[in-house]
Structure formats: C-alpha cells, structure tokens
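The values are calculated or read from the model by the stated rules, or taken from the named source; none is laboratory data. None of these values were measured; they are calculated from a predicted model. For neighbour counting, all protein chains shown are included, and Cβ atoms are generated from backbone atoms with ideal geometry for every residue, glycine included. For accessibility, only protein heavy atoms count, side chains too; no ligands or nucleic acids. Shrake-Rupley method; radii C 1.70, N 1.55, O 1.52, S 1.80 Å.
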Amino acid sequence: MSIHIIRKDTVFQPDSSRVIARFLFSSEERSTLLIERILGLSEQEQNQELSNVFRKYAKRHRNILRIFERHFNKLAHILDKMNITAHSLSTTQKMLIGSYFTMEYSIEAAAFFNPSIVEDPDQSRIGFGEKRVILSFRATGEGHISSIVFRSAIIDQNNTINVEPPGRMLDAPEHVRNHVYKKDTFLAKLGEMQNMETAAYAVIEGKLTKTFTYEELKRYVDETRKEVPTTQSSQVLLREVMWLASSHYEMDFSLDTDISERVIFPIADTEKRGIEDARFVKFTSESNETIYYATYTAYDGMSILPKLLMTRDFYHFKVLPIHGEIAQNKGMALFPRKINGKYAMLCRIDGVNNYIAFSDNISIWRDAVMIQSPKYPWEFVQIGNCGSPLETEAGWLVLTHGVGPMREYVLGASLFAIDNPEMEIGRLSQPLLLPNRKEREGYVPNVVYSCGALIHNGNLIIPYAMSDYASTYAAVDLAELLAELTSSAISAV
C-alpha cells in the first residue's frame, strides 16, 4: 500500500491537576446531621473554617463562592424539613454549608482519549496556510466517568498542531435549563423503551398536556404513583419516564471561560456514568448556516442512549436524545450536510456492520440500510465508523475502525459515492493505521481509535487515541489515499 502516514510527536496526556467542583450528596439523614454540626459551631469557628477553605481552594476554581452558593441551593428540601430558612442564615453559614457539599473531581486522571477535530468558528488572526481548530476529547476520571473537554489549536502549513496552553480554571455550565416536551414525540420515544401495557401508562398519558416541562412531568408522575397499584411494571415505567425526561437540557458557559476550561460533565440521569465518544461535525445547512453537532453515547451504568449535542459558538449547547428504531446502539456519525434533501447518518445498529440512515428530522431516525460488512481479517469481528464522513472530489471519505484477532482495533478507510453514499466505491484492503509498540500499551491494549478527522492543505489530519489512555495524531497525503481507494474499486471490478 503506497500511502505515507506521518505520525506526529505530540501526545495529549491525562492531567490529574485539572479538576472541577462537583456537588457531593449522600443521603438526607447524613446531610441533616452534617448541617446540624456546621450550625453548631460558634460564629468564630465558622469564619475560621470558611477562611481555611478559601485559602486552599479559591485559586483552583473560578468564583468559588458562586459554586458554594449553587450547591447550598440544592439543599433547599433538606433545610425545609429542618425548618430552616435561607434568610435566617448568614452568608458565611451558607457558603460553609455549600463547601461541605462540594468535592473536587479530577476529570482527566484516568484517560484522555477518543478525539475529534473540527474547524473553529473563529478563523481570525491566523497566518497563510494555517487553520484554527477545536479538538474534543473523552476525559475519564475516578469511577471511569467520562466527560467532554476541548482544546484550541492552530494547524500550520506543515500539519503541525500547535495547541494553545489550556486554562486552569475548569468550569461546569453556568446555567442549565430543562427542555419543553411535546407529548406525541415523548410518548413515541418512551414506547421504544418500555411496554405500554401498564396501568401507570394509561394514567400518565391522560395527565400529559400537549406540551409540558420537566417539573410538570415530575408532578404528574408523583400523582400517578399515588393513583395506581404499586406493581413492578408500573414502577419501572414511571422511572423510565423521568429518566427519559432528564435527558433533554440546555447549558450555557460563562463568556469569560477559555474553551479548554469548559467541561461537559454528565448532567442527566441518562448519562450519570459517562458521556462517551462524541463525534463532532461542522454542519452546513441548505441556507449556508453553520451549526456544530456531536453525536455521543449517554451511559447510566446499565443502559445506553444515543444523544445529540448542538452548538453554534461552543458557549451555548443544547442536548436531546436521538429517537427512532435505529437509535439503539453506539457509533452514530452525522454527514456534514444534507444529501438529496435529507439528513444522513452513519450507524451500526447490530454492533457488527456499517449502516446508513436518512431522515427529514435530525433527531428522529427510523430506517437504515447496511452499506458495509467485515471483509478483511483485520475487521472480521466488527467494522464501524471513526467519525463523520469527509467530502472530497472523489466521494465521501469515511475513516473506519476494524476489530480483528486479540481484539486489536485498527483504522481503515472507505470511499462512498457523493450523491448515493449507500454505494461503496472503494475500501482499503490493509489497515491505514495499526497500533505500534508505543501505542499498544494502555488502559485497553492494542487499540487505535478516532472520533473524527479533518482535511487541511491536501492532507488528512487524524487525531486518534492510543489504547484508551492518551491521544496523538497523524497526517496522511489525501491524494495518495484517494488514489489507493479508487484503484481498489477498479481492481474489485
């Protein structure tokens, strides 16, 4: 295979010093005792303890008082049961209580992997042949909880990615807002997840209005629990109702944050054990508007739910689940534009083969057609995409991952027709990239994996993970790759 691959020396390593402040809560009983102990301190002791906290942590977090206040406000239901009003407490008492219900979490301590790359909305202040890009990573910390983090960088004429130094004041979203739901689409998604033949379903269906908020739904569920027999099937359905509802939300980051300081950490119940493998794509609409989408997998410890993240500026994000019969597995990747008037998505609904789906609605996907199955020994176990397709003059270029003997993950490449991406034009018969001696050791050995690449100055820039621990990138001459793919199509005829 006459394709030259240039591995770069840059390595994106986990950094245990990058921490966020999370809400810490165990139980109502323990929380009540803790608050009583804090309020039992003298005023001087309270002031001293809060001063100690500031001295240790104020320089590690942006506006730590705001964090303590936010976490204190989450305890309103506990304070109500203790017959304590917020107005009756001093600012010191509120902040001190908030500090006891806060913990630092090292988001990258375990791994920094599965990267994707997109062009930055801001292309000002760059030189000739350069491009500003945004890299996203799956960062994993204690308990293997995954989040999405970003880095800003500039690719120069020589395909060197110059990463801007990351900020140190990591920040969770400043505001999180719940979604307004439509009854018909909400019940349709619920029907894909649960058996509707329960007494609880009939009652909750009758209570739902045409549109409703999360808080209204919560009230309907509480009322339904009191009205129907406590059967296992009804309880499961009501839990699933709240689980599904919590998966829609919007979030805003403070405008004074650097992109490297914005952390998309699990918020909804559907993703409490992790946000996995975000595949970002710069999408251009038919009216030439740009919006950035990312498909990712939400994991709650037992079930997965494909979800869609969208943003225009990387400050404001909207999150919603992907509906439809095919939205049941990992690895969905959106095309960067509509094809023949429809959204198009790569997916792997059976865990083995590559499929393509089309839809009029970006969040509802019903039918899929298989376009690839394992063909070569290095992909016999399964084949899947490694991010959104890239449009070239020869066709849609799709990076793939193949799994072979010893569960070794390698990268391949395929080419599909521009106007009919169901048609495969060519596929590499040998892997494009295999784990070398340095890359094969890690949390999950023998794995190279990517969630998205980018074309720059006639080269394919591929950021990729090394054995689910750290990440690096490589550059491939695009003309050589396309020539190999088109020649493979000729030889196959």
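Summary of computed values
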| read-out | value |
| --- | --- |
| Search result, residues across segment 309-319 that are surrounded by fewer than 21 Cβ atoms within 10 Å (Cβ to Cβ) and at pLDDT below 95 | LYS318 |
| Every pair of residues 6+ apart whose Cβ atoms lie under 6 Å, when the first sits in segment 287-303 and is under 21 Å from ALA333 (Cβ atoms) while the second is loosely packed, with under 15 Cβ neighbours inside 10 Å and basic (Lys, Arg) | ILE291/ARG312 |
| Tally of residues being surrounded by fewer than 23 Cβ atoms within 10 Å (Cβ to Cβ), farther than 16 Å from MET345 by Cα and out of contact with any Lys or Arg (no Cβ under 8 Å at 6 or more places or on another chain) across segment 380-401 | 4 |
| Count of residues meeting criterion [under 18 Å from LEU482 (Cα atoms) and among the small types (Gly, Ala, Ser)] in segment 419-456 | 4 |
| Filter result (in contact with a strand residue (DSSP E or B) (Cβ under 9 Å, 6 or more places away or on another chain) and surrounded by 15 or more Cβ atoms within 10 Å (Cβ to Cβ)) within segment 168-184 | LEU170, ASP171, ALA172, PRO173, GLU174, ASN178, HIS179, TYR181 |
| Test: residue in segment 344-358 that is assigned to a loop (DSSP other than H, G, I, E, B) and open to solvent by less than 10 Å² (accessible area, probe 1.4 Å) | no |
| Set GLU250, GLU261: member being surrounded by 15 or more Cβ atoms within 10 Å (Cβ to Cβ), touching an Asp or Glu at 6+ places or on another chain (Cβ under 6 Å) and closer than 30 Å to ARG132 by Cβ | GLU261 |
| Single residue of segment 371-386 satisfying the filter (more than 25 Å from the chain's Cα centre (by Cα) and part of a strand (DSSP E or B)) that is nearest to LEU432 (Cα to Cα) | GLN372 |
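Table: residues versus (1) under 22 Å from GLU108 (Cβ atoms); (2) of a type in the set (Ser, Thr, Tyr); (3) at pLDDT 95 or above.
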{"site": "SER414", "(1), (2), (3)": "no, yes, yes"}
{"site": "GLU439", "(1), (2), (3)": "yes, no, yes"}
{"site": "TYR443", "(1), (2), (3)": "yes, yes, no"}
{"site": "PRO463", "(1), (2), (3)": "yes, no, yes"}
{"site": "ASP477", "(1), (2), (3)": "no, no, yes"}
{"site": "GLU480", "(1), (2), (3)": "no, no, yes"}
